[in-house]
Each structure stands twice: as structure tokens, then as C-alpha cells.
1. What ranking of B:GLU394, B:GLU438 comes out by heavy-atom accessible area, probe 1.4 Å, highest first?
2. Could you work out the mean count of beta carbons from other protein chains within 10 Å of each residue's beta carbon in B:171-184?
3. Report the FRET efficiency, 1/(1 + (r/R0)^6), for B:ASP404 and B:ILE228, where r is their Cβ-Cβ distance and R0 is 56 Å, rounded to 0.05.
4. Could you give the distance between the Cα centres of segment A:110-135 and segment B:131-147, to the whole Å?
5. Which of the GluC sites (Glu not before Pro) across segment B:306-355 are loop residues per DSSP, with 11 or fewer other Cβ within 10 Å?
6. Using R₀ = 51 Å, calculate the FRET efficiency as 1/(1 + (r/R₀)^6) where r is the Cβ-Cβ separation of A:THR193 and A:PHE123; round to 0.05.
7. Could you sort A:TYR140, B:TYR488, B:TYR282 by their accessible area in this structure, using a 1.4 Å probe and putting the largest first?
8. What does the buried accessible surface come to for A and B, summed over both chains, with the probe at 1.4 Å? Round to 100 Å².
Amino acid sequence: MRSFSEIEVTTKKASKAIGFSWGISEEVGKNIRLLEMFGLPGLKNLNQYYKIYKISNFENIDEISTSNTPRTFYCPILSGINFFDQSSSISKFNEIEINKIAFPLIFLSFVSRTSEIIGKRIFLKMDDKEFLFNFNESIYSNYLTGDVLEKSDKINLKFLDNKNSFTEDDWSEIYNLSLKTYVDESDKSRERTAGAGLTDND
Amino acid sequence: MEIRLRDPKFLMKLSKLGSFHQSKLSFLRSFLSEFKDWKYSRDLFQLNDKGHGRAVYSFTKDKKTYSLICFANEIKDDERSDRVIATKWDAAFTLFDGIPSKEDIDRLNNNVPKQEVGRLSYKELTLSRANKSVRVFDHVVDSLSNGEQPNKEILSKVGYLYRTTAVYGSGKFGLADRFRIKNREEIRGPFRLEMMLVYLVRQFTFDQVNHIAKNKNPKLAVELDPAISRNLGIGNSTGLGMAPFIVNHPTLLNNWIHARETALKQIREIERVSKNEIDIFYNCLIKSLKNITSWNTDSEFQKEKIKNLIEDLKKFIKFMKEDFKFENSYQFNQIYNWSDENLNDECIEYIVSMMMEPYDDIVNPLITQMSSDEEQYFNIPVDRTIEDLRNILENRYSEILKIDFLKDENNQNFWFISKNKEEPRIGDRYIDEGSDLEQPLAIARDINKLYEAVFTKKNSSKIGKFLKDNNHLRHVVRRAFIAEKFPYSEIQDNTIGSKLVPIDMLRLKLSFFGAIKFDPRSDKWLRICMFQGAPLPSELGNFDDKWIYKS
């Protein structure tokens, strides 16, 4: 088994070799390590992408808007870098649509890190696959096959508001249960046991 | 009185960093302190009469065990090399996480002796190999087998029986990734497991030499005197592989230097130093002179440094005897200021190391702050402005911005990785091939390029926007924002200039390891000694933590 450290260092160097700057290569190394740690086939997808990278004409998303469509296909690395670098402005959008992106799994690693930076969960639907990015702590997904994803025709991203997954009723019920770990108090017992006294008006 | 931390602009010059010495903060000393109450044992020792075979040593505490697995092999004299091109070694080692099964040892027997071309697993933590110092090793075997102790003079010239040529960790060749173990209390200090490996290897060398001597002459042989063993360490040959490390781990570098500087500041701020504390400092200094006078090297560069160090120490001792005023307050500040005004860097840093000796209460809490969770600082804050970045560059890199990279001599060298051994090398840009594959270690040059690029940009413009057109500078933008938070994270010097002495970079790291007797073999590699004078594993329960001055 290759260690995550080996994966990061080697994909960083491979990215430099394919023509990216050292700074971008560092990001790619970090991201592929991240995908592999989350159990997603980052290295396999990157390897396939680099096989065609130089012979295909992939595009960059320069300014990310609510709807983005290339003439050919977007490069997942340059688009991912821009997505990450523009995170503060694009998080104001409710939804973003990205059409035609090559090897989208590589792009997803940038989305995961963006979720941490902006402090919001991001829901992403890619064709029939769904991903929930949880502040770069985990990725919840129905994509479990580990296949290489050569392209996606349509990605929809939604920045989720920071809200709880439960209702106030759920909270009350759980809270009331937690109260059962406390001791009932009377005026008399309070006088004896409250360290700060009963009033602070004196 | 508040003393300021020393200014990184001057402290982080390579000539200064290359003058650092071991101290109480050094990793091999803090390793021994941490593991002093662990149970040591030799669990397996299956060597043939020539000393070839397997051995296992362990440290155990509260159901946690670390085991060193040793494989000693027969190699021909002409196969023995300290160079990285070597493919065979007298012995190879791995530190195993737990107690290895026979299957584990068999698996490792097929991989550990192969080193870089073998494969390790997440169960293994560190990997190393070592060669005998043949002349010394054979002398010890001959002496012991004849019932005599070896000649101390011969031993003191070398200082060890074996020399390691690399110690790998942190995920290399399939070893366990750092994240798997980083929260363990006992390895909070950097390089703890590497230190453990080297320390246990040292014991293996003693056991092996005793075993061979005994088998050579069972009736007459004696064991190596523990006092002589104690005075032997483990050698290490180190090349350029260490140099990129301190550039590639800026927050870690900061934390090492920051701990040292914080200790110095706090010691200088002590208003009333006791007589006992001054005595501890002064006694360590006097005892340490033996380390310097027995410091052998063929390097003219190092000989000159040692000569200056000895002369400066004489001056310093004279100052302590004649001019130092104990009755005045802030005694260590007085000592530091006098040293700073009257001595060279090599001696100033030597004295700084000694000043820590009386102060467990100051030094020990700092040891736990010397690791770094580097991932936390990887993301570039793209929301910050060009004005912020320019301010950081002007404040944190002012010395570097003075370097004129239009001059050829300031671009003389380039760092690259050799295809054959995947090891760092440094070449002359105007002579050697390969500068188009330069590694990103020319930080000073790239910071200058970054400063030029931001110069014409609007103050209020965001970093994210700047990066859109300047991703070729992304690696130094990241560094600049790290340097903003970590003042000692950058070498304030040119790492590709014609005046670069690469071993300054190695020596900085090795001083934090706790190495002594730096012996440069060229400007690109050196030999050192570790654990010379250290207690033996059986003595760890009760030892003097100033052992390093008794070798």
C-alpha cells in the first residue's frame, strides 16, 4: 500500500512534470491525498487525466458565474483552483451550474476544501451522482464504485445555509431527556449549595 | 525587564543557523527524557558467529510497545559505501509499531535490507541502514576476543562502531503516515521515533560486537566495558537530502527556532539568577570543552570554526573569571550581551545552548511546542489584499529583497532531484544540465519576483484575483502568508547564490537532532555523532540529563 505522504509528494511532482506551476502542483498533491483519504479514487482519475492533458484542449473558468459553459471541456484543476480562489465571491451565489468538465472527481477535491474555507456545506449533483461536502471533514456520496469519471456534462452546486438537520421539537425532546441527569433543587438546598449566594444586590 | 526575541532577519542567515549547537531542546535528549520510564528489553537475538542474523529490541509502557527489528547481513568490503548510491549495508533496521509476529519479521526480512526499493507498511514507523566503521569495529572485536578492552584513543577518534546513512519516516516507502501517530503523547516532540531507532541501533552495535568476540574466542573473550560503550555513539553520514527539508517545512522550522529563542529570552529576563544556576551553566561549559578538543575533522572550513570556537571560549572563560559580576541582576542577560559584543557566531550560539542547562522549567514546556500541524497553514487566504501581501514582504523579507538577482552569482546554483536515486542535488546553473527541472527551493529569488509582481497592483485588490494571473508565484504567496504568522519560518538568505555553503543547512537541522562533532567531508555532506555519552538502555531509569558533556 502506498502511504498518503507518498501519494501527495508523487502527484505533486507529476503535476509539475505535466506543466503546472509548483504552487498549483502543491494544491493538486494535497487534493489527491484528500480524495484518497476519503476513499475516492483521486490518483486513478488524475493519472487518466494526465494521459490526455497535453493532447486535449481543456479550458479554464476564468470568472466563475452562476452558469458556466466551455466550448470544449473545463480543466478540473485550473477550474478547481479558480473555484477555490474565488470562494468568497461565489459563495454569495445560491447555486452554480458548471457544464462539461473533464475528470470531475479532481474538481471535487477543491469543492471540499472550499466548504471548509467558507464554513458552509456544499451539495453537488453531478449527472446522477450526489455529493455532500462537510467542511472538508468528510464527503457523503452515493458514488461508491471507484470508477474513473472521464467527464461530467452537468454539475450543480448549492451552498447550504448553516442550519441544523433537526426540528425544534427534536431538540426539546432530547434536551428534556438530558435534564434527567440534573438534581432537583429547593430554596433551602440552593442556599446551602450555590457557591455565589442567592442575590448579588448587596 | 522585557527582552525581545532575536530578530529573524539576522538570526535566520545561513551562517548563523550553521553555527547552532545541540541543547536541552535537542530531540535526542528530549527523547531520552520521555522514554526514561519505559521498559527496555532485548526480545530476540539470533545472530550467527559472524554476527549476521536478526534481533529485536523494544520499549514498552502501559500496553504500548515500539520494537526495533534489526537485520545484519554479510557484505563484501567493496560493497560497503556511505554514499547514497549504495545498495547493500552491514545492517538494516525498522521500528515496528507494537510487537512483531514471526510473519511480520519474515515479511520485513524481504524488504528492510533493500531499503528504498523495498516496501514497508503502516505497521512500520521508521527505516534505516548502517555500515560498520570497519577499522574500529574490527579492533574492538579483536581486543575483546583476546580478553582486553579496546584502545580508547582509537575509539575516541571515531566515536562509534556503526554509521547510519539515512533514517526515513513519515510515510516514505509505505511507512506509516504521520497522521496515524501524531496524537500520541510520547511522540509530541519532533523526530522522536527516528531518535528511538538510532538509540536502539546503538545498543545493537554493542551486543553484536560482544557476540562476535565471544564466538571468536569463547574462552578468553570479555564484554565491552559499559563505560566504554557509553562513550560510543552512532555515526551518521548526511548529504543534501536534509537541506530541502528545512525549506519545505516552514512552520516546523519556525517552531524549532521559536522554542530556542523563547528559552533564551526567558533566561535573559531572569532578574536574580542563583549561584547554583550559574554553576550548572559554567560547569557544563567547562566539561563540554572535551567535546570540542576531541572534535576531529579533515575539513579546513570546520577546523577554522573549531579554532575560533576554542579561542572564543578561552576569552569567555576569562570574562567569567575576571569581569562577570554575579552580584548584578539579570546575570544571563549580562553574559549574553557580552558574548554578542565580543564573540563570533559559533561561540555565541554555543553559549546560548549552555544557558538552557539549568532551566528544566523553562525548556521542558517548550519541547512540546516543537512539532507542527502543517496542514493548518496550507490554504492561501485569498480574501486578503495586495496591500497585506506587500506589507508582509517588506516586513518579513526585507533582507531577501536586498539581493540583486540580476547578478549571475546570485543565481549560480540550482536544486534538483537526481533521477537515479531520487535524492536532492545542487548544480551550477551555468555548467550543469537540468536547471529547467529546478526544485522550488530558490525562495529568495521567487520572493523577489513576487514583490515585483505585486508592486504595480492595486492595494485593495484581492489575493484570489492576483493569483488568477500569477499562479506561477503561488508557492511563494503561500509561504509569505505563513511567514506572517511564523517569523522564524524562512531562511533569510539566498539558497542559490555562489556563496552558499549547503552544509550550513544540514548543520541547522542536525543541531536540533542533538548531533555533535560535525565533520564536513565537503561543502555538501558531513559526518556526525549521536548519543555519544548517552546512558545505556538499562540505565535509563536513573541518569544524568547532562550526559552529553561527559563523553
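The values are calculated or read from the model by the stated rules, or taken from the named source; none is laboratory data. As the structure is a computational prediction, the values presented were derived from the model and not from experiment. Heads up, the Cβs are rebuilt from the backbone with ideal geometry, glycines too, and the neighbour counts pull from every protein chain shown. Protein only, heavy atoms only, side chains kept; ligands, DNA and RNA dropped before computing areas. Shrake-Rupley method; radii C 1.70, N 1.55, O 1.52, S 1.80 Å.
1. Working: B:GLU394 75, B:GLU438 25 Å².
Order by accessible area, largest first: B:GLU394, B:GLU438.
2. On the way: counts 9, 4, 4, 5, 3, 2, 8, 3, 4, 2, 0, 0, 0, 0.
Counting other chains' Cβ atoms within 10 Å and averaging over B:171-184 gives 3.
3. Numbers: r = 55 Å, r/R0 = 0.98.
Once rounded, the FRET efficiency stands at 0.55.
4. Taking the Cα centre of each part, segment A:110-135 and segment B:131-147 sit 64 Å apart.
5. Numbers: sites: B:GLU311, B:GLU322, B:GLU327, B:GLU341, B:GLU346, B:GLU349; in loops: B:GLU327.
Filter output for segment B:306-355: B:GLU327.
6. Values: r = 49 Å, r/R0 = 0.96.
That pair, A:THR193 with A:PHE123, gives E of 0.55.
7. Working: A:TYR140 165, B:TYR488 5, B:TYR282 50 Å².
Largest accessible area first, the residues go A:TYR140, B:TYR282, B:TYR488.
8. Between A and B, the summed buried area is about 2300 Å².
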